[in-house]
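**Student:** Mind having a look at this structure? Questions to follow.
The values are calculated or read from the model by the stated rules, or taken from the named source; none is laboratory data. Everything numeric here is computed off the predicted structure, so don't read it as measured data. Here Cβ is always computed from backbone atoms with ideal geometry, including for glycine, and neighbour counts include all displayed protein chains.
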Amino acid sequence: MRVRIALAALACGLATGCAMPLALQQQTFENVQLLAASDIPQMALGEFSLAKGLPAGMDKSLGIRADSVTPPAGLTFSGYLKQTLEAELTGAGKLNPSAPVVISGELTRSHVQTSGSNSSGELGARFHVTRNGTAAFDKELVVTEEWPSSFFGVEAIPAAMNHYNGFYPKLVTKLLQDPDFRAAVR
C-alpha cells in the first residue's frame, strides 16, 4: 500500500492541488494480537464524529503542502477512525453489534506539518465507553510523531501521507493499551 500511496502522491506532486484519498484500513498484527491475548470482551461500536467546536473541514480533508489527503469515499476522518477500530475488532473476533460494551469517539486533533527538514503530525480522539448504557470511560488519547523530511514535495508529501495513515492504527493501539480503558471494558 505504501508504494501505491507514494506513486499517487508523486503524480499529485506533479499536478497542482491534488486530493489523495486514503485506502480503507486493514487489521494490524499488533492490534489483533493485543485484543486476542487479553481478556477484553466483545464490543460494539457507537457513533464517531468530529468534536464539537472544530471546523467541519477538519473531518473531510487534511492539507499537506499544496496537496490534500481525504478519507476513503463515503467516510469522514472520524468515520475512518471507526473503520480502523472495526477492522481490528473484526480481526480478533471481538466485534459484536449487540455487546453491552460500546465504544464511541470524537476526533479532536488531525494535523501534519511538512516544512523544513523535519515533519510532524498528530491524531487525537476522545473515546467514550458505555457498559449497559452507563458511562465507564471518557478520555482523550493522542499520538504524535516526528520524522525527517525533504525540501522536495515529491518526497515529503508521500512520507507525510504514509505517516498520517499510520496514525490511525497507532491511536487504536494506544486505546487498547490504556489501563483505564482496559479496566472499563472488563
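**Student:** Scan the range 140-161 and tell me whether some residue there is crowded, with 17+ Cβ neighbours inside 10 Å and part of a strand (DSSP E or B).
**Tutor:** Looking through the range 140-161, at least one residue is crowded, with 17+ Cβ neighbours inside 10 Å and part of a strand (DSSP E or B).
**Student:** Look through the range 99-127, keep the residues that are outside any strand (DSSP E or B) and in contact with a strand residue (DSSP E or B) (Cβ under 7 Å, 6 or more places away or on another chain), and return whichever of them is surrounded by the most Cβ atoms within 10 Å (Cβ to Cβ).
**Tutor:** The initial filter retains those residues of the range 99-127 that are outside any strand (DSSP E or B), namely 99-100, 114-117.
Still in the running and in contact with a strand residue (DSSP E or B) (Cβ under 7 Å, 6 or more places away or on another chain): 99-100, 114, 117.
Details: Ala99: 17, Pro100: 14, Thr114: 24, Ser117: 9.
Out of the qualifying residues, it is Thr114.
**Student:** Being surrounded by fewer than 19 Cβ atoms within 10 Å (Cβ to Cβ) and closer than 27 Å to Pro55 by Cα is the requirement here; does Asp180 meet it?
**Tutor:** On the way: surrounded by fewer than 19 Cβ atoms within 10 Å (Cβ to Cβ): yes; closer than 27 Å to Pro55 by Cα: no.
No; evaluated as a whole, the condition is false for this residue.
**Student:** Across the range 1-56, what is the number of residues that are modelled with pLDDT under 60 and among the hydroxyl-bearing types (Ser, Thr, Tyr)? Spell out the reasoning first.
**Tutor:** Of the residues in the range 1-56, the ones modelled with pLDDT under 60 are 1-17.
Subsequent filtering for residues that are among the hydroxyl-bearing types (Ser, Thr, Tyr) retains 16.
Number satisfying all stated conditions: 1.
**Student:** So Ser110 ticks every box in (1) touching a Lys or Arg at 6+ places or on another chain (Cβ under 9 Å); (2) closer than 21 Å to Ala23 by Cβ but one. Which box is left unticked?
**Tutor:** For Ser110, the failing item is (1).
**Student:** Could you list all residues from the range 24-49 that are among the polar types (S, T, N, Q), outside any strand (DSSP E or B) and in contact with a strand residue (DSSP E or B) (Cβ under 8 Å, 6 or more places away or on another chain)?
**Tutor:** Step one: of the range 24-49, the residues among the polar types (S, T, N, Q) are 25-28, 31, 33, 38, 42, 49.
Checking the rest, the ones that are also outside any strand (DSSP E or B) come to 25-28, 31, 33, 38, 42.
Hit for the range 24-49 is Gln42, nothing else.
**Student:** Could you list, in sequence order, the residues of the range 71-91 that are in a helix (DSSP H, G or I) and among the β-branched types (Val, Ile, Thr)? Let's see the steps before the verdict.
**Tutor:** The first filter runs over the range 71-91 and keeps only residues in a helix (DSSP H, G or I), leaving 77-91.
If the condition is that a residue be in a helix (DSSP H, G or I) and among the β-branched types (Val, Ile, Thr), then Thr84, Thr90 are the ones that fit.
**Student:** For Ser115, state whether it is more than 22 Å from Gln27 (Cβ to Cβ) and in contact with a helix residue (DSSP H, G or I) (Cβ under 6 Å, 6 or more places away or on another chain). So that I can check it myself, show each step before the final result.
**Tutor:** Details: more than 22 Å from Gln27 (Cβ to Cβ): yes; in contact with a helix residue (DSSP H, G or I) (Cβ under 6 Å, 6 or more places away or on another chain): no.
No.
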